[in-house]
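Every number here is computed from the coordinates shown, using simple stated rules; none is lab data. None of these values were measured; they are calculated from a predicted model. So basically every Cβ, Gly included, is an ideal-geometry build from the backbone, and we count neighbours across all protein chains shown.
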Amino acid sequence: MSVTTSTPADSSAAGTFAALGLDPALLKAVTELGFVKPTVIQADAIPPALAGRDVLAAAATGSGKTAAFLLPILHQLIDKPKGVTRALILAPTRELAAQITSDLNELAVHTKVSGAAIFGGVSMGPQEHALRTGVDVIVATPGRLLDHFRQPYAKLNGLEFLVLDEADRMLDMGFLPDIRRVLRQVPAVRQTLFFSATLPQPIMQLTRELLRDPVRINIERQSTPATGITQAIYPVPSELKSALFLKLLDGQMKEALVFTRTKHRANRLAEYLVRHGISAERIHGNRSQNQRTQALEGFKSGHYRVLVATDIAARGIDVAELGHVVNFDVPVVPEDYIHRIGRTGRAEATGEAYTFVSSEEEGDLKVIERVLGKRLPRVTLPDFDYAQKPSAALEVPLGERIAQIRARKADDRARSHAKTGGGRPGTARPASSSRASAPAGRAPGSGGGGGGGGRAPSRPGSSGGRPGPSRGGSFGPGRSGGGGGRGPR
């Protein structure tokens, strides 16, 4: 694969959007949106994309990369005949697909170019209509798009442009096989634009399969946050993180997007904030698409002061002038750190990113600092009591939660036995009068089997039925199938 390398444009060379040769309808939309000049990635990527070249770009979150691939595609679609889908943009998450579609509609407002989003969690009907009518641009997550490809109406034979956005995140989420299946459904001859914040080996292998003589942009500068983000580390005991965050909210922090390690912690933190008078909502994989959309829109509109999220939302949340991102928990993967904090300081704006670090998380922080190539500043709040007793644990330890679950299940089994009159191991049901004269060689009530001579004795602890599977294996000890003599696990 031969490549052409693009040197990054500096501020003086970036010029204006008009200098890029974009259609006047697009320039009008760009002006109305308040964009004064292209960002570096836009200045580097738009010219070769307009020239029909494949592009491979390492672009940080918040760098303006969405417009970097939307504008050249829209420019080339303006005069194309309608009724054929000519561009497909693949994104890892519903939120990112929805955000790209929103950006597309804003940029195409003065054109006749149409677009539609295809992702899970919502009805397939409007998506089917978009595919049948041939909207110009489809923005999709791989899984839902493959669902449509099983139907005869989903054909992309006229596709001319393919974009993979946040390709590294799609790799992290296990979408690489799905991407390959999608590629089998689109024409081999097309223009491909490939954007990724990081370029691990599997991603580079995919680029070799997808791209033809690509222009390479910023490849040597991957894995760095946007320059306008001020980063700070707040060392704090794990059990005091909630109180510290509340203290920061009482100060200069007007709003914040907060990332937690798990969905459970996101729920608990949001509940904690609401109890303390902070308007907050959460967004994660266990929330329905409608709940996720309402939470995100409520945060954007200012209805919620805090949005608590897991990493599923790190790609796709685009909030104008978001001032603060807080890593409530240190991300294990350095790339996740970059994408989290990239929700602020977008498109050359400024923002602040705080990370709460307990002693147990120092190792993960060191890995992040090693990737960034610098030690991040430590901050201690002078008026915060770091020795205070926490009001309540944000999260019940995993071992305790497992023990509680096991205890509840044991209680459920005991109640079930009591209701059905089930016996314990080594006991038998009282023999009924019809069993009093059991055949020779079989004791009445020995296993609770049905009457009739000549029938083989049932297995111990069963009632003549087959043994049922245990949770520990195919047929583990301590759980029998069938009625009365079921013993504990």
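Given H placed on each backbone N at 1.01 Å, which residues far from THR230 in sequence or on other chains put an amide H within less than 5 Å of it?
Long-range HN contacts for THR230: GLY351, GLU352, ALA353.
Could you calculate the FRET efficiency of GLU32 with SER301 from 1/(1 + (r/R0)^6), where r is the beta carbon distance between them and R0 is 22 Å, rounded to 0.05?
For R0 = 22 Å, the calculated efficiency reads 0.60.
For labels at VAL274 and ASN105 in the simple 7 Å Cα→Cβ model, what's the distance in nm?
Label at VAL274, label at ASN105, 2.8 nm between them.
Which residues' amide hydrogens lie under 5 Å from the amide hydrogen of VAL215, considering only partners 5 or more residues apart or on another chain, with H built in the peptide plane?
THR4, ASP54, VAL55, LEU56
Please give the FRET efficiency for GLN201 paired with VAL371, using the beta carbon to beta carbon distance and R0 = 25 Å, rounded to the nearest 0.05.
Once rounded, the FRET efficiency stands at 0.95.
Determine, from the Cβ-Cβ distance of THR350 and ARG208 and an R0 of 25 Å, the FRET efficiency 1/(1 + (r/R0)^6), rounded to the nearest 0.05.
0.10
Quote the relative contact order of segment 4-221 in percent (integer), defining contacts as alpha-carbon pairs under 8 Å separated by 6+ residues.
Computed over segment 4-221, the figure is 29 percent.
May I ask for the distance between the Cα centers of segment 78-121 and segment 239-275, given as a whole number of Å?
The two parts, judged by their Cα centres, are 35 Å apart.
When the Karplus curve 6.51 cos²θ - 1.76 cosθ + 1.60 is applied with θ = phi - 60°, which whole-Hz ³J(HN,Hα) does each residue of segment 45-55 get, with x for Gly and Pro?
These are the phi-based 3J(HN,Hα) values: 8, 5, x, x, 5, 5, 7, x, 7, 6, 10 Hz.
Just check segment 4-221 against the gyration tensor rule for me: Cα atoms, a ≥ b ≥ c as the square roots of the eigenvalues, rounded for a/c under 1.5, and otherwise prolate or oblate depending on whether a/b exceeds b/c.
The shape class here is oblate.
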